[in-house]
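To start, the structure itself, in structure tokens.
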Amino acid sequence: MSKRVAITGNEAVAEAMRQINPDVVAAYPITPQTEIVQFFADFVSDGKVDTEFVTVESEHSAMSATVGASAAGARAMTATSSQGLALMWEVLYIASGLRLPIVAPVVNRALSAPINIHCDPSDTMGARDSGWIQIYSEDAQEAYDNLIQAVRIAEHPDVLLPTMVTMDGFIVSHGMGNAKLLNDDVVKKFVGEYEPEHYLLDVENPITVGALDFSDWYFEHRRQLADAHTKVKDVVLQVAKEFKEISGREYNLFDAYRLDDAEVAIVVINSAAGTAKTVVDELREKGLKVGLLKIRLFRPFPHKEIAEALSGKKAVAVLDRADSLSLMGGPLYIDLRAAMYDSPGPRVKMVNYIYGLGGRDINMEQIAGVYDDLMEIAKTGEITQPVTYLGVRE
Amino acid sequence: MAELLEIRWHGRGGQGAKTAAILLGEAVSASGKYIQAFPEYGPERMGAPVLAFNRISDEPIRLHCQVANPAIVVVLDSTLIGKADVTAGVPEDGLYIINTNLSPGEMRKQLGLTGGKVYTLDATEISMETIGRPIPNTPMMGALIRTSGLLTIDEFVANTRDRLEAKFRPDIVEKNIQAIERAYQEVQGEE
């Protein structure tokens, strides 16, 4: 087994890309691009990968070139962040609509205005309906592991969907922590050769890509897209099982932390989950029955499994590092509430905390305060404020 | 939670606070412990006050919030004293290592400290005499290794030499190692 190293999230993800050794990487090389592409460019110029590396003039072009390469039959990747993902917008839908298994790491950073470069998953939350699979990561280890698994998930014949793997900007992308990297040959064998069934450069079997598709067939093709998403869950679990065999590390649709016997729980995503787990441990030592559910697969949303895991809890708080401006709370909360509508048993009391926008710190005291609120709601059955902005100057 | 050591580095943009935190993190990680190393993510301007942090533990570290109560504070630039709040959140028995030509007793008075431990070192002079440029981060790492007992100086020098060799010419590496070793010897504690 490989040894533990000190590494930043960006370095770990770039290493995963080097080991995946994609046929094509197309990326916009300057801000808001991350160090991932800079490190990968080093691998290209040092001859450590066989990748055709295409530097383009915008993220719109980066995604377009990646779509072209993938349609041609290549294993194609790109990477971006924040405004870069926003500029890819139009082409994100094309990638999923054409069922191209592109894999892209995305570093979660806030969207302008005001100008801010710091951590906040508003970028990928906004892309939640684009038809991409979304997998979120707590730290560098998970970002590395998820990216390697994403190749297998995206390219699975039952799935064929583009997949983004995210991690928190700066906190994980630039912060150094520990991770265990797999050996090159192990990753190479795990991801295997990409053998697309239909592709443009297969001259023996010519196909049309990007055809006009009016009211006669468009609906059926979009319905197929939804159908493909129903297959994702099983594939994610199967790939996780195989990944555990090579890594010893366990992944699921989500991460249930001390949740089984918990009376109250926090649902959270990305790096704040680590801080919250530490709070759970401290409160458990005081005998409080608190737990946590960390979202991993956000699109498609494993709503049934999540509802089962949270059913019977007395109160649940969903922590969102993004706002939806629906005035019904953040994107995670809205999905969670919808999922819980059909959960078995009595209605679970749910509240939402929007925190940390633009990289604002969330600390242990604040999270402990959320658990205090939950225990009060559990006791009284009363919710005084469904949506709270946590740690903001009012 | 297992014993967690937190360190805060105060410097000015360009003095290498982040680099010091990363080099320390890499060396401590190589010794088998778990680490984090990260800067405060603010505007990065030459000369502006900056912070960097380390967390060190025998167990995996899951915290992803800022460091609020560091047991060790390293100040790379004494002109920050009185401007940056270097004692903020530090426990009563905290350890301070400050780049200054003042004695630990004089620095203790300036900081208004009653408890804890204060060490001083003229890291700027050492870096001028060894490296030839005022880069205090390298010698301050030597002082930290001596006063914290985190690693032996031999372990630290061996690991840091590897890291520096990947980036710098052999003569530059040697000068940096000299600065670390001199600082290790010359750091002053209180009587």
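For the range A:40-171, give the share of DSSP beta bridges that are antiparallel, in percent and rounded to the nearest 5; count only bridges with both residues there.
Details: 1 of 14 bridges.
Of all bridge pairs located within the range A:40-171, approximately 5 percent are antiparallel.
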Loop-resident GluC sites (Glu not before Pro) in the range B:1-38 with no more than 13 other Cβ atoms inside 10 Å, DSSP not H/G/I/E/B, are B:3
Could you calculate the contour length gain from residue A:246 to residue A:89, that is, 0.36 nm times the residue separation minus the distance between their Cα atoms, to one decimal place in nm? 53.0 nm
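Please compute, for peptide B:34-42, the average count of beta-carbon atoms on other protein chains lying within 10 Å of each residue's beta-carbon.
Numbers: counts 4, 4, 6, 5, 8, 4, 2, 10, 2.
Counting Cβ atoms of other protein chains within 10 Å of each residue's Cβ and averaging gives 5.
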May I ask you to derive the relative contact order of the range B:4-186, considering only C-alpha pairs under 8 Å and at least 6 residues apart, and to give it as an integer percent? 21 percent
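How would you order A:266-278, B:145-157 from highest to lowest mean count of nearby Cβ atoms within 10 Å? Walk me through the numbers on the way to the answer.
Values: A:266-278: 26.2, B:145-157: 17.5.
Those peptides, ordered most packed to least, come out A:266-278, B:145-157.
Arrange A:281, A:123, A:260, A:361 by Cβ neighbour counts within 10 Å, fewest through most, would you?
Values: A:281 14, A:123 26, A:260 9, A:361 18.
Fewest-to-most ranking of A:281, A:123, A:260, A:361: A:260, A:281, A:361, A:123.
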Suppose R0 equals 22 Å. What FRET efficiency, 1/(1 + (r/R0)^6) with r the Cβ-Cβ distance, do residue B:83 and residue B:125 give to the nearest 0.05? 0.55
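Under 12 Å from the Cβ of residue A:227, count the other residues' Cβ atoms, weight Lys and Arg +1, Asp and Glu -1, and hand me the total. Kindly include the intermediate steps, with their values, before the conclusion.
Details: positive: A:99, A:222, A:223, A:231; negative: A:158, A:220.
Cβ neighbours under 12 Å give a net charge of +2.
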For the range A:218-256, which trypsin sites (Lys or Arg not before Pro) pass both filters: DSSP loop (anything but H, G, I, E, B) and at most 16 other C-beta atoms within 10 Å? A:249
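When a footprinting reagent is the concern and you count Cβ atoms within 10 Å, what order do A:119, B:65 take, fewest first? If you can, show how the numbers build up before the last one.
Values: A:119 29, B:65 20.
Sorted ascending by nearby Cβ count, the order is B:65, A:119.
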Among B:112, B:132, B:16, residue whose mean-square fluctuation peaks in a GNM of chain B (springs only between Cα atoms under 10 Å): B:112
For the protein assembly as shown, count the residues as N, evaluate 2.2 N^0.38 Å, and divide the Cα radius of gyration by that value, please. 1.03
Let's test the formula: R0 of 30 Å, r as the Cβ-Cβ distance of residue A:211 and residue A:58. What FRET efficiency results, to the nearest 0.05? 0.70
In whole Hz, what ³J(HN,Hα) sequence does the range A:241-252 give by Karplus (6.51, -1.76, 1.60; θ = phi - 60°), x for Gly and Pro? 5, 5, 5, 4, 5, 8, 10, x, 9, 9, 10, 9
Per 10 Å bin, what is the whole-percent P(r) computed from every C-alpha pair distance within chain B? 10, 40, 39, 12, 0
Return the average number of partner chain Cβ atoms within 10 angstrom of each residue Cβ along peptide A:169-176. 5
Violating pairs (Cα-Cα greater than 26 angstrom) within the set A:294/A:379; A:180/A:304; A:241/A:314: A:180/A:304; A:241/A:314
Could you state the orientation-averaged shadow area of the convex hull built on the Cα atoms of the range A:204-348, in nm² to one decimal? 13.7 nm²
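Taking Cα pairs under 8 Å and at least six residues apart, what relative contact order does chain A come out at, in percent?
Numbers: 808 pairs, mean separation 60.2, N = 394.
15 percent.
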Could you state the angle between the C-alpha long axis of helix A:331-340 and the longest principal axis of the C-alpha atoms of chain A, as a value from 0 to 90 degrees rounded to the nearest 10? 70 degrees
With angles folded into 0 to 90 degrees, how steeply does helix A:35-45 sit against the dominant principal axis of chain A? Use alpha carbons for both and round to 10. 30 degrees
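Hey, got a sec? Which GluC sites (Glu not before Pro) in the range A:147-209 land in a DSSP loop and have at most 15 other Cβ atoms within 10 Å?
Numbers: sites: A:155, A:193, A:197, A:204; in loops: A:193, A:197, A:204.
When the GluC sites (Glu not before Pro) of the range A:147-209 are filtered for loop state and at most 15 Cβ neighbours within 10 Å, A:193, A:197, A:204 remain.
Values quoted throughout were computed directly from the atomic coordinates according to the rules given, and no laboratory measurement underlies them. These figures come from a predicted structure and were not determined experimentally. We place every Cβ from the backbone using ideal geometry, glycine too, and count neighbours over all the protein chains shown.
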